[in-house]
Amino acid sequence: MFQLQQQQHGPEEEHHFEQDSLPLILVPDESNQLGLPMQFPDIWLRDNCLCSECYLHQTRSRLPQLWQHLDTKRIRVYHLNIDQKQEILYIEWNDGHRSEYPFCWLRERDFSLANRSHYLQNFYRPEPRHWSGTEFALIQKEFLYQDLISNNDELQQWLYQLAVYGMALIKEAPLEFDVVRHLCNRVGFMRRTTYGEEFSVRAQPGASNYAYLAAPLPLHTDMPYFEYKPGVTLLHTLEQSDSPGGWNLLTDAYHVADILKQQYPEQFRILTETLVDWADIGNDNQLEFHNIWRSPVINVDADGRYVRINHSIPQRDSHFNVHPEQVRPWYEAMALFVRLAHEQAYEFKTKPGDVLTFNNLRLVHGRTGYADTEQNVRHIVGGFLDWDIVYSRWRILQRSQTADK
Ligand code: OGA
Ligand code: ZN
Ligand code: ZN
């Protein structure tokens, strides 16, 4: 066992470190091919001590005791020991507490840029790749329903495809009402909305929702009027229209946002900053609802990444709570968005047994108009999943795959 001592401070010593000299513990790791040590801020190691006073194994969570007296200015390593053979880091702290950390646990949490990027891309969420309408054939992927039901690798690949490209087509599903439910149950569970769990898209006289007409359904995201908008839409074709219509349209609206950002920065700014009122008012199955939510068309996070697109002409409220001077510029920017979204759309017609699945926070989708006859009534069964549930299943599959290796 060899010893390495760093930053020894007596318990009573007082140190105030500047931001750029925060104590970093470097742990040599012989298994690292580049010969780079792992790196950990000392206070983080103290916070993440794995002893039974600090950590409850059965719930895999930190115990709160430390936080009752945590002195963020004074906490320091008093003595440090690295057992390279056993691959354990031992630390004695200046408050007398002792901790030990196995390398296998440390490696996964190494603060090196390489490890953090690896974790974020290969475990947190795969990086989305945006696509134009002409690239559709390159990115589109098909899965067989039975494979998804019986094979975890296929299931994982479907969820990965959804995360990266935002769409996947499932083929050869039985012509049964509960297919969408079975798929959702493979992932976790269905997301219920004011239209229930499964919903049937069929032309109905006196329909309460615009989609339940045979008319063309222009490009839209589903349910922009919810703060917690359903993340993934599944549309199972039970019966397709024999009429020339009933085609699906699909556009990666993150690609449209890229075009706006690069070529029309002012319109991009307007669409990311103007709060739009979205609404769905009515009832379904005796449930009365008044759903409204205010949110821009293009939503970006603090890092400038797209997190959500909202768009639906019928479900944009006539209430528009912005300064009147903002209105016409918003319409001009929105008209550009709609034009680009149509230019970038890919058109195809699903067959009975197809399940179209896509990211409802990112893609806009639509349908051309159609005509039913007595013998041929177009019937789509829809349902939703939430992204939290999708990513969770994907990570579990990802985890078990790495454990198998
Ligand atoms: C919808 C919808 C597509 C279709 O109901 O929101 O997008 O093919 N339907 O009918
Ligand atoms: Zn502890
Ligand atoms: Zn829709």
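No lab work stands behind these numbers, since they all come straight from the coordinates. This structure is a prediction, so every number in the text was calculated from the model and none was measured. Please note: Cβ atoms are built from the backbone with ideal geometry, for glycine as well, and neighbour counts cover all protein chains shown.
For a label point 7 angstrom out from the Cα of residue 120 toward its Cβ, which stretches of the range 298-315 have the backbone nitrogen within less than 14 Å?
301-306
Length gain on complete extension for the stretch residue 144 to residue 349, per 0.36 nm per residue less the alpha carbon to alpha carbon distance?
The residue 144-residue 349 span can extend by a further 72.1 nm.
Would you mind giving the average projected area, over all directions, of the Cα convex hull of the chain in nm² with one decimal?
Result: a mean projected hull area of 26.1 nm².
Name the trypsin sites (Lys or Arg not before Pro) in the range 247-312 that are in a loop by DSSP and that have at most 14 other C-beta atoms within 10 Å, would you?
Counting only loop positions with at most 14 other Cβ atoms within 10 Å, the trypsin sites (Lys or Arg not before Pro) in the range 247-312 are 305.
Over the alpha carbons of the range 118-179, what is the largest minus smallest coordinate on each principal axis, giving the biggest first in Å?
Taking max minus min along each principal axis of the Cα atoms, the range 118-179 gives 38, 31, 17 Å.
Name the chymotrypsin sites (Phe, Trp or Tyr not before Pro) in the range 174-225 that are in a loop by DSSP and that have at most 13 other C-beta atoms within 10 Å, would you?
Counting only loop positions with at most 13 other Cβ atoms within 10 Å, the chymotrypsin sites (Phe, Trp or Tyr not before Pro) in the range 174-225 are 177, 189.
Using a Förster distance of 56 Å, how high is the FRET efficiency between residue 73 and residue 197, based on the Cβ-Cβ distance and rounded to 0.05?
For R0 = 56 Å, the calculated efficiency reads 0.60.
Using r as the Cβ-Cβ distance of residue 135 and residue 55, and R0 as 41 Å, what FRET efficiency do you calculate, to the nearest 0.05?
With R0 = 41 Å, the Cβ-Cβ based efficiency is 0.30.
In nanometres, what is the gap between the two model label sites at residue 65 and residue 30, each 7 Å from Cα along Cα-to-Cβ?
The two pseudo-label positions are separated by 3.5 nm.
Under the rule that an exposed site lies in a DSSP loop and has at most 16 other Cβ atoms within 10 Å, name the longest stretch of the chain with no GluC sites (Glu not before Pro) of that kind, not counting the sites themselves.
228-373
Using a cut-off of 14 Å between beta-carbons, work out the net charge of the residues near residue 277 (Lys and Arg +1, Asp and Glu -1, residue 277 not included).
Every neighbour counted, the sum reads -1.
Straight-line reach only, C-alpha to C-alpha below 12 angstrom: list the aspartates and glutamates that residue 141 could link to, leaving out same-chain residues fewer than 8 apart.
Partners within reach: 154.
Sort by residue number and name the cysteines in the chain that have no neighbouring cysteine Cβ under 4.7 Å.
When partners are defined as cysteine Cβ atoms under 4.7 Å apart, the chain leaves 51, 104, 184 without one.
Within the set of other residues whose C-beta is less than 11 Å from the C-beta of residue 37, count the net charge using Lys and Arg as +1 and Asp and Glu as -1.
Result for the local shell: -3.
What is the extension gain from residue 273 to residue 86, computed as 0.36 nm multiplied by their sequence separation minus the C-alpha to C-alpha distance, in nm to one decimal?
61.9 nm
For the range 206-349, calculate the relative contact order in percent as a whole number, restricting contacts to Cα pairs under 8 Å that are 6 or more residues apart.
Reported relative contact order: 33 percent.
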